[in-house]
Protein chains: 2
Amino acid sequence: MATKNIKSGQAKFGEEDVLRQIEQAVLDHRLVPGTKLKEVQLANLFGVKRGLIRKVLTRLAHSRLVDQTPNRGATVAKPSVKEGQDLFATRRIIESAILETLIGHAEEKHVQQLGRMLDREQKAYLCGDTERALGLSVDFHRELARMAGNSVLEEYLNDIIRRTPLVILTHLGGDEHNRCRNQEHEAIVDAIARRDVKTAKKVMHQHLLHIEGKIKHKPEKPPADLAELLRPHSVGQSA
Amino acid sequence: MATKNIKSGQAKFGEEDVLRQIEQAVLDHRLVPGTKLKEVQLANLFGVKRGLIRKVLTRLAHSRLVDQTPNRGATVAKPSVKEGQDLFATRRIIESAILETLIGHAEEKHVQQLGRMLDREQKAYLCGDTERALGLSVDFHRELARMAGNSVLEEYLNDIIRRTPLVILTHLGGDEHNRCRNQEHEAIVDAIARRDVKTAKKVMHQHLLHIEGKIKHKPEKPPADLAELLRPHSVGQSA
DNA sequence: TGATAAAATATTGTTAACAATTTTGTTATC
DNA sequence: GATAACAAAATTGTTAACAATATTTTATCA
């Protein structure tokens, strides 16, 4: 196992940094469900003390990104089919409420901002930078939540977004169908511009169903090298 | 300050126990927003090590029940007016979705179970045991969520329920108007029995507005003795 | 070979001691 | 008395050493 020291002694990482790195790795599908997360290994990887890692793992467990078993450590969570379904169902509810709230007080500048995001996303996609496109696609949903202005709804959507990749990887297999369709994002922005709540919701609903419909049990995936997976990665590519 | 040793050396408390004790104290309005939570004090109170308390406080901070400032410790959270409004708005959305989901597959036994809970709540109220009535009233909402069968929705409702008392105490003042009206609970169960989603939602909406409408800034509250507040209390009175 | 038991190793969990910081209290000066 | 500077105490934050548990390896025997 050459999983050690590859990234040791990097720049100073704080608790928040380590947390975000791991969250981002999950979001990017680099960290797959079931992967064992050993404390010393991670500590070396990030060049921090074990206590720090310990706190981070606890927090990740609390937000259901990792499973923690007493005396047996932590692994990247493997949500059940049921949890996946509940997560998607709830996402439809939350995103629907976000649209309704947002359209209730949407201004021209909001629509313009969303338009710009769409362009960036489209551009990245055409450039073949699919990883960036994926990130921007997620940012689109986040931005809708932010614009809606309800901090609790935003919080919950972010929670769902963080957990969704694990459901997809556990039950939908590889990196095949997990991307938002730009076309549908456009239709949503159009509906918002027209203050057409009904259409916006309908499109969003359809949009989310495209992914959910494919959930089914899909066993096993080979584990991989942690040091490789958690390598350099800027967190939050919305810049 | 005789806040020490009053409860020291009690039965063995685990992390989960301490967490629940404090959560319950918040739910029961015994612990008011702004109260300082010192680590050694709590450790003595529950007869546990400081490290344990430390973990619990972190978890409570994560679920927004306490505010933690670096080097300056933890206090019971004081949610802003905005957060309170967002919380209530989200609660309407979530409870609405719960009703819709539940009515989608409600069976006779569900309605009967809810009826029994109503009776118990009513009884406690008539007996003058308002604290128990309050608890049962909360349990009613929890039970709706459980019956709906969506674990994520349930999780979010529980989160909202945990945070709500802090909003009420911070912005609504004393223990005046914070109780659910049994009458409205009954109307909700009736609507469920008739599978009348529209009415159920409407009543619930009204039900929640009764509280929210009264939010406004209401400054200060005198702090009190911790040892007193966190004394004996069975957690989960739904028995 | 295969199964079982024992030892060695690795991993997680806890704690007490220490360090860093903030808060409180005291004194001195005006 | 009020203010500032300093010292003392209290509180929070970190860590390294140890304990407990789980996992892997080795040894033994049928």
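So how many residues does region B:44-60 have that are more than 10 Å from DNA strand C (Cβ to nearest atom) and assigned to a helix (DSSP H, G or I)?
Going through region B:44-60 one residue at a time, the tally reaches 9.
Out of curiosity, is A:PRO33 buried (at least 19 other Cβ atoms within 10 Å of the Cβ), within 14 Å of chain B (Cβ to nearest Cβ), in contact (Cβ under 8 Å) with a residue 12 or more places away in the chain and not in a helix (DSSP H, G or I)?
Judged against the criteria, A:PRO33 is not a match.
For the list (1) surrounded by fewer than 15 Cβ atoms within 10 Å (Cβ to Cβ); (2) at pLDDT 95 or above; (3) more than 9 Å from chain A (Cβ to nearest Cβ); (4) away from DNA strand C (no atom under 16 Å from the Cβ), I need the number of the one condition that B:GLU107 fails.
(2)
Please determine, by comparing only the residues of region B:61-84 that are part of a strand (DSSP E or B) and small (Gly, Ala, Ser), which one is nearest to DNA strand D (Cβ to nearest atom).
Result: B:GLY73.
Of the numbered conditions (1) touching a strand residue (DSSP E or B) at 6+ places or on another chain (Cβ under 8 Å); (2) closer than 17 Å to A:LEU208 by Cβ, A:LEU144 satisfies every one except a single condition; which is it?
(1)
Inside region B:100-201, counting only helices (runs of 4 or more DSSP H) that do not spill past its ends, which hold 3 or more residues that are over 26 Å from B:ARG64 (Cβ atoms)?
B:108-126, B:130-148, B:182-193
Scan region B:44-65 and report the pairs whose first residue is within 13 Å of chain A (Cβ to nearest Cβ) and more than 19 Å from B:PRO33 (Cβ to Cβ) and whose second residue is of a type outside the set (Val, Ile, Thr) and buried (at least 16 other Cβ atoms within 10 Å of the Cβ), with Cβ atoms within less than 7 Å and a gap of 6+ or a chain change.
B:ARG54/B:GLU39
B:SER63 fails exactly one of the following numbered conditions: (1) assigned by TED's automatic domain parsing to the domain that holds B:VAL152; (2) closer than 30 Å to A:LEU60 by Cβ; (3) of a type outside the set (Phe, Trp, Tyr); (4) open to solvent by 10 Å² or more (accessible area, probe 1.4 Å). What is the number of that condition?
Against the list (1) assigned by TED's automatic domain parsing to the domain that holds B:VAL152; (2) closer than 30 Å to A:LEU60 by Cβ; (3) of a type outside the set (Phe, Trp, Tyr); (4) open to solvent by 10 Å² or more (accessible area, probe 1.4 Å), B:SER63 comes up short only on (1).
From the list A:ARG162, A:ARG146, which residue is closer than 15 Å to A:VAL26 by Cα, open to solvent by 60 Å² or more (accessible area, probe 1.4 Å) and within 14 Å of another protein chain (Cβ to nearest Cβ)?
A:ARG162
Select from region A:78-94 the residues that are open to solvent by 30 Å² or more (accessible area, probe 1.4 Å) and either in contact with a Phe, Trp or Tyr (Cβ under 8 Å, 6 or more places away or on another chain) or more than 10 Å from B:LEU153 (Cα to Cα) (or both) and list them in ascending order.
Passing the criteria: A:LYS78, A:SER80, A:VAL81, A:LYS82, A:GLU83, A:GLN85, A:ARG92.
Quick one: A:ARG132 ticks every box in (1) open to solvent by less than 50 Å² (accessible area, probe 1.4 Å); (2) away from every other protein chain (no Cβ under 14 Å) except a single one, so which number is it?
So A:ARG132 meets the others, but not (1).
Under the condition of being open to solvent by less than 20 Å² (accessible area, probe 1.4 Å) and β-branched (Val, Ile, Thr), which residue from region B:36-60 is farthest from DNA strand D (Cβ to nearest atom)?
Taking the candidates together, the pick is B:VAL56.
Residue check: is B:LEU87 touching a residue at least 60 places away in the same chain (Cβ under 8 Å), more than 11 Å from every other protein chain (Cβ to nearest Cβ), assigned to a helix (DSSP H, G or I) and touching a helix residue (DSSP H, G or I) at 6+ places or on another chain (Cβ under 7 Å)?
no
Of (1) modelled with pLDDT under 95; (2) crowded, with 22+ Cβ neighbours inside 10 Å, B:ALA2 satisfies all except one. Which?
With (1) modelled with pLDDT under 95; (2) crowded, with 22+ Cβ neighbours inside 10 Å applied to B:ALA2, the lone miss is (2).
The values are calculated or read from the model by the stated rules, or taken from the named source; none is laboratory data. Being a predicted model, the structure only gives us computed values, none of them experimental. Because the Cβ atoms are built from the backbone with ideal geometry, glycine has one as well, and the counts that use them run over all protein chains shown. Accessible surface is based on the protein model in full, side chains and every heavy atom, while ligands, DNA and RNA are left aside. Shrake-Rupley method; radii C 1.70, N 1.55, O 1.52, S 1.80 Å.
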